[in-house]
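Here's the structure, in structure tokens; my notes come after.
We did not get these values from a lab; they are worked out from the coordinates using the rules stated. The shown structure was predicted, so the numbers you read here are calculated from the model rather than taken from an experiment. For neighbour counting, all protein chains shown are included, and Cβ atoms are generated from backbone atoms with ideal geometry for every residue, glycine included.
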Amino acid sequence: MAPSPVSSNPIMRNVLVWSAVACGIVLVGAAIIGMMIAGENGMWSGIVGSVIGFLFPALTAASILVANRWFGTPSYPVIFFGSFMGVFLVKIIVFIVALNLVFGLDWVVRGVLYAALVITAVASLVVDVLVIAKMRIPAVSDVTLPGDDETDEPRGDGKVSNR
């Protein structure tokens, strides 16, 4: 019997979809406001800040979805935590390097980029909270109960016997 789907998969998919929608809204707003503040350089700074602000939280949800493909295998906990922590550490290093590189470019308007980055990060956190608050998953999930398997038959007295 194939393992049941992991209960966090729909949550992570919704987080990715709604974060992309929120990032798109912030990106358009940041580009328009950046264009009004500092012209073309401000527009591109807003776009870069929004994209950076979306990519890093999205990598977390994506790493969970990828690791959940091994659910039900004996090595699942190692794969899950290894990929999650590996992506986390890589994100920290890449984020620091990327910001140092981007803030060093001549055309970057720091205030616009920083504002777009912060607003996108806050929007991502709001999406996370709203998606998790709206999702309804059972208190006990990802388990197989007696009677869920084809080989289990009711005995007539309410109990299940395995053949």
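With the highest mean first, a sort of the peptides 90-96, 13-19 on other beta-carbon atoms found within 10 angstrom per residue produces 13-19, 90-96. Residues whose amide H falls under 5 Å from that of Val109, counting only those 5 or more places apart or on a different chain, are Ser45, with hydrogens built in the peptide plane.
Model label points for Val97 and Arg69, set 7 angstrom from Cα along the Cα-to-Cβ axis, are 2.4 nm apart. In the stretch 42-83, one over the average inverse separation of all distinct C-alpha pairs is 11.9 Å, which is the Kirkwood hydrodynamic radius.
Classify the stretch 9-133 as rounded, prolate or oblate, taking a ≥ b ≥ c as the square roots of the eigenvalues of its Cα gyration tensor: rounded when a/c is under 1.5, otherwise prolate if a/b is larger than b/c and oblate if not. Oblate shape, in that a/c is at least 1.5 and b/c is the bigger or equal ratio.
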